[in-house]
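Since every read-out is calculated from the coordinates, none of them should be taken as a lab result. Values in this document were obtained by computation on a predicted structure and should not be read as measured data. Counting neighbours? That spans all protein chains shown, and the Cβs are built from the backbone with ideal geometry, glycine included.
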Amino acid sequence: MSLDRRQFLITGAALAGASALPTMARAASSSASFPKGFLWGAASAGHQVEGNNTNADIWLLEHVKPSVFREPSGDACNSFELWETDLDLAKNLGLTAYRFSIEWARIEPEAGMFSQAMIDHYGRIMDGALARGMSPVVTFNHFSSPIWFSAQGGWTNPEAPALFTRYCQKVAEQLAGKMAYALTFNEPNLLRLLRVIGLPPFVWDLQKQMLAAAAAKTNSQKFVGLNAAEQEDLDTMTALLIKGHIAARKAIKAANPALPVGFSLAMLDDRAAGANSLRDQKREENYGDWLRAAEHADFIGVQNYERMDWDDKGKVPVPDSAIKNFSGSWIDASSLANTVAYTHQVTGKPILVSEHGIGTDDDKLRAQFIPASLVELQKVMKQGVPVLGYIHWTLLDNYEWIHGFGVHFGLHTVDLKTFERKPKPSAKVYAEIIKRNAV
């Protein structure tokens, strides 16, 4: 899940009233099938579900004082032990793809020291997915990195691209043959997007104090995470991340030339409101460098959760009548399709919807939002936009970064004491769509 505006803003805005729901439900009426071979998936991310990722930078950031994280991840969903249970849940939904991340901090807990046991562990997950008829969609870095890497300055360190590529090469040499799709990075543009939409200054200040505490804890001059960094470092980080993607993609494809390798982006459904809208300027600031880097990708992963309108002054306030998620952000069933169409128009690349969902405790809203969004997605596909598949965020209610376990995006609930998983009604709605290959 993206550590974006939804996870930094203070929860408190109420969901829109029930009167907004019938409109979205009526929008979800279509009988046309999706293309044969269209991927139907759900996603997870290692740090958010595995638990006890003690060598990861985020684990350290959760425990220093002060911290922007509400609570530690702890055991999370215990998916490091229960990954087969998770794959069975995915199979029960009829999924044809399962997206998960490999934890760099487990593979390379110390610089240059690689764990064969951990490489084998992730290989077994890929084998398990394949045995259940699901294509493994694998993310090499879903925000979290080894503590030693971030203590060397993370993605402000000129050596970062080579260090990341070394890890990717080590994994790919053994596991790339089991992957259906690979993503080097999950939302490497995230902090730029947060800067553009305007995080409250106190959040940046608190994050700065947290990073200083982590630097002191590790006796390092500069501690930088992929999703926790200071504003003045973002341009440097972007250039090095793109360099890292290019080199890592080359290494991964050397191990399996047929494997499609891309990256995913955190993207708003940006809309122009009135004359002299700032929309295009904001798009350039949020995604411009990465959309140009798409020439070095086989596909682009689009991750969209909300709509944002821009006038000549900035963000337009969310209307009272809008459907909203837990943080009060604007939810619109056409947002995903709009974002997918825009990304393809700019890059010319095939699109994989690598994340899409809604943070809410009202599962009726989720159950209506999924089909309504897919109807809109199908419209742009009929217009010629190549979409490889749809991967819902997320399979399980999990650790949602600074909000801890208090925000829910999952198709299944998780009891954090017993780790029992239970499907929500929205899971059945999604499973029926998959079974029909049509909304």
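With runs of 4+ DSSP H residues as the only contributors, calculate the mean residue ellipticity of the chain at 222 nm using -39,500 (n - 2.57) per run, divided by the residue total and rounded to the nearest 500.
Computed ellipticity for the chain at 222 nm equals -13000 deg cm²/dmol.
Of GLY406, PHE223, ILE370, whose Cα points farthest to the positive end of the dipole of the chain (charges on the beta-carbon: +1 Lys, Arg; -1 Asp, Glu; origin at the Cα centre)?
Result: ILE370, furthest along the dipole toward the positive end.
What's the exposure ranking of TYR287, TYR167, going from fewest to most Cβ atoms within 10 Å?
Exposure proxy ranking, most exposed first: TYR167, TYR287.
In terms of the ratio Rg/(2.2 N^0.38 Å) built on C-alpha atoms, what value belongs to the chain?
0.91
Could you work out which residue, out of THR236, THR413, THR156, moves most in a Gaussian network model of the chain, that is, has the largest mean-square fluctuation with Cα springs under 10 Å?
Largest GNM mean-square fluctuation: THR236.
In a GNM of the chain with a 10 Å cut-off on Cα contacts, which of ASP320, ASP86, ASP270 has the highest mean-square fluctuation?
ASP320
How big is the gap, in Å, between the Cα center of region 172-248 and the Cα center of region 101-155?
17 Å
Students often check this: by mean Cβ neighbours within 10 Å, which of 425-434, 184-193 ranks highest, and how do the rest follow? Walk me through the numbers on the way to the answer.
Numbers: 425-434: 18.5, 184-193: 25.2.
Final packing ranking: 184-193, 425-434.
Starting with the fewest neighbours, write out ILE125, ILE102, ILE358, ILE246 ranked by other beta-carbon atoms found within 10 Å of each beta-carbon.
The most exposed by this proxy come first: ILE246, ILE125, ILE102, ILE358.
For the chain, set up a GNM with springs between Cα atoms under 10 Å and report which of VAL414, VAL316, VAL375 has the largest fluctuation.
It is VAL316.
Suppose every K and R has +1 on its Cβ and every D and E has -1 on its Cβ; what is the size of the dipole of the chain about the Cα centre, in Debye to the nearest 20? Show your work: numbers first, answer last.
Numbers: 44 positive and 47 negative charges, 199 e Å.
Dipole of the chain, to the nearest 20 debye: 960 debye.
Counting DSSP beta bridges in the chain, what percent are antiparallel, to the nearest 5?
Rounded to the nearest five, the antiparallel share is 20 percent.
Dividing the Cα radius of gyration by the Kirkwood radius, what Rg/Rh value follows for region 287-395? Provide the component values of the computation, followed by the final result.
Values: Rg = 14.5 Å, Rh = 14.8 Å.
Using only Cα positions, Rg/Rh for region 287-395 is 0.98.
So what J values fall out for region 256-267 if you push phi through Karplus, 6.51 cos²θ - 1.76 cosθ + 1.60 with θ = phi - 60°, rounded to Hz, Gly and Pro as x?
Once rounded to whole Hz, the list reads 8, x, 7, 6, x, 10, x, 8, 10, 10, 7, 9.
Looking at this model, which pairs from LYS349/LYS382; LYS36/LYS178; LYS36/LYS424; LYS91/LYS170; LYS282/LYS315 are more than 18 angstrom apart at the alpha-carbon?
Cα-Cα > 18 Å for LYS36/LYS178; LYS36/LYS424; LYS91/LYS170; rest within.
Tell me which DSSP H helices of the chain clear both cut-offs, 27 Å or more of axial length from alpha-carbon atoms and a mean Kyte-Doolittle hydropathy of at least -0.5.
Answer set is 234-255, 363-382.
Averaging sequence separations of C-alpha pairs under 8 Å and six or more residues apart, then dividing by the length of the chain, give the relative contact order as a whole percent.
Relative contact order comes out at 23 percent.
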